[in-house]
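Structure record follows, encoded as structure tokens.
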Amino acid sequence: MPFPPISSVTRQLSRRSVFEALLHRSPISRADLAKVTGLSKQTMSEVIDGFGQQGLVRQVGRTSGNVGRTAVLYELSPEGGHVLGIDLGARRLTVALADIAGRVLAEADEPTDSRGGAWTIDQIARLSDRLARDNHTHPSRIRSIVMATPGVVNPKSGAIEMAPNITGLDHLNVVGLLSEKLGSPVVLENDINLALLGEIWHGCAQNVDNVAFLALGSGVGLGLYVNGRLVRGENGAAGEIGYLPIGGDPLQAESRLQGCLEYQVGATGVVRRYREAGGSDVDSERQVFERAQTGDPIAVHVVEETARLTALAAAAVIATVDPQLLVLGGSVGARADFADKVARMLSQLSARPVEIRSSTLGRRAGVVGALSVALRRLHDEFFGVAELAAALPLPRPEHRSARQ
């Protein structure tokens, strides 16, 4: 008597469970895969053979040291599918290429084209194409692309709005143009949100369900991860903390354009306040912090005031969302000495102590977060089950190869 046909959902669940085991336990034999997943040997063989035909798995040797016959070991194949993570910053553009198992194959960065607009889009396409070409990756293998960007993406026009540090993107269909140039749909996500997800996957916020990521650099932004979920808001603008009315007159022209808090504590604000206070000419906020460390009284005052204003913003965040952990990132926020100043001032403002950590990924946080979202999208494309809402867990940090 023939067995009844296996439903498509059951078949996809079997494929999903095998893929998850390969993702987290490779290299592994068919017998061990069957034990881990609870699937029969026949079903396991069917799934592995199917993966082999799709180019998703490869043989990587045989078991040794056991009595009896050896067994073939399998792992996910680097050729099974690739993802691209892009981080568009006001100062630097970073692109990373990874395989389906989350192994970073290559990474490159260069200064962002200061002309903005179409020049920036062409630069992104050019650097992405070069990275793929140098690593012998055909564009058809890149199945998922995610880009971290400042500001907010308009879902109707595809333009990037509220990003004053990169000009010309608010009048272009960035989503459409990039998707056309790269040959695959491109998903845009706020850069702070992705930096937060990067820290959760590979950085200082692993295994924490309630995290606030406060970034201070060229711009100022906030990423929120509440009860294990990213908070985006109605229009995707949750976390635009630079517009908080802290540090100056929120109605003056500069504050309305850039945001009151960002106008004061962003990188250009730090430099401007140092010059206005009588400090000698500097080119960057880094120089202001370096001079503060050498005892320059004007620089010391500017840094202390920057920390005070940051602590006020952080106190508002803590009172609103009650995070377990506050991560400081960006060229200003990730400085350990600055984080210590913010922590001291925050202890006087907040009734409940919150742990504060500096970003461990630094300027790579955004591109790592972009890769994490691109991987989830690729995994869901291959192994998602409509009847099962849970996402596949990403590979642990130790499964990621060293940067090449």
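The values are calculated or read from the model by the stated rules, or taken from the named source; none is laboratory data. Since this is a predicted model, take the numbers as computed values, not measurements. Here the Cβ is made from the backbone with ideal geometry for all residues, glycine too, and neighbour counts use every protein chain on show.
What to note about this one:
- Qualifying residue in the range 339-356 (condition: at pLDDT 90 or above, within 20 Å of the chain's Cα centre (by Cα) and crowded, with 17+ Cβ neighbours inside 10 Å): yes
- The one condition from (1) in contact (Cβ under 8 Å) with a residue 40 or more places away in the chain; (2) touching a Lys or Arg at 6+ places or on another chain (Cβ under 8 Å); (3) among the aliphatic types (A, V, I, L, M); (4) not in a strand (DSSP E or B) that Leu13 does not meet is (2).
- Taking the listed residues Gly333, Gly369, the one that is of a type in the set (Gly, Ala, Ser) and assigned by TED's automatic domain parsing to the domain that holds Gly102 is Gly369, with no other qualifying.
- If you go through the range 162-178 and keep only what is touching a Leu at 6+ places or on another chain (Cβ under 9 Å) and outside any helix (DSSP H, G or I), you end up with Ala163, Pro164, Ile166.
- Filter result for Gly259 (more than 15 Å from Arg335 (Cα to Cα), touching a residue at least 60 places away in the same chain (Cβ under 8 Å) and surrounded by 16 or more Cβ atoms within 10 Å (Cβ to Cβ)): no
- Taken residue by residue, the range 255-275 has at least one member that is of a type outside the set (D, E, K, R), part of a loop (DSSP other than H, G, I, E, B) and under 16 Å from Asn165 (Cα atoms).
- Residues (over 17 Å from the mean Cα position of the chain (by Cα) and of a type in the set (A, V, I, L, M, F, W, C)) located in the range 73-104: Leu73, Leu76
- Leading residue by the ranking (surrounded by the fewest Cβ atoms within 10 Å (Cβ to Cβ)) among those in the range 32-50 that are small (Gly, Ala, Ser), modelled with pLDDT of 90 or more and part of a helix (DSSP H, G or I): Gly50
Listed here are the residues, each with its yes/no results for (1) under 18 Å from Leu194 (Cα atoms); (2) touching a residue at least 24 places away in the same chain (Cβ under 8 Å); (3) assigned to a helix (DSSP H, G or I).
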position: Thr320; (1), (2), (3): no, no, yes
position: Pro323; (1), (2), (3): yes, yes, no
position: Leu326; (1), (2), (3): yes, yes, no
position: Asp340; (1), (2), (3): no, no, yes
position: Ala351; (1), (2), (3): no, no, no
position: Gly366; (1), (2), (3): yes, yes, yes
position: Ala370; (1), (2), (3): yes, yes, yes
position: Arg377; (1), (2), (3): yes, yes, yes
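- For the range 93-120, a tally of residues being assigned to a helix (DSSP H, G or I) and closer than 29 Å to Gly80 by Cβ returns 0.
- Matching residues, the range 275-292, being within 16 Å of Ser331 (Cα to Cα) and loosely packed, with under 13 Cβ neighbours inside 10 Å: Asp283
- When each of Ala148, Ala159 is tested for being surrounded by 22 or more Cβ atoms within 10 Å (Cβ to Cβ), among the hydrophobic types (A, V, I, L, M, F, W, C) and either in contact (Cβ under 8 Å) with a residue 24 or more places away in the chain or not assigned by TED's automatic domain parsing to the domain that holds Ala215 (or both), the lone residue that passes is Ala148.
- Scanning the range 71-122 for residues that are crowded, with 20+ Cβ neighbours inside 10 Å and among the polar types (S, T, N, Q) turns up Ser77, Thr94, Thr112, Thr120.
- Flag if Val60 is at pLDDT below 90 and within 36 Å of the chain's Cα centre (by Cα): yes
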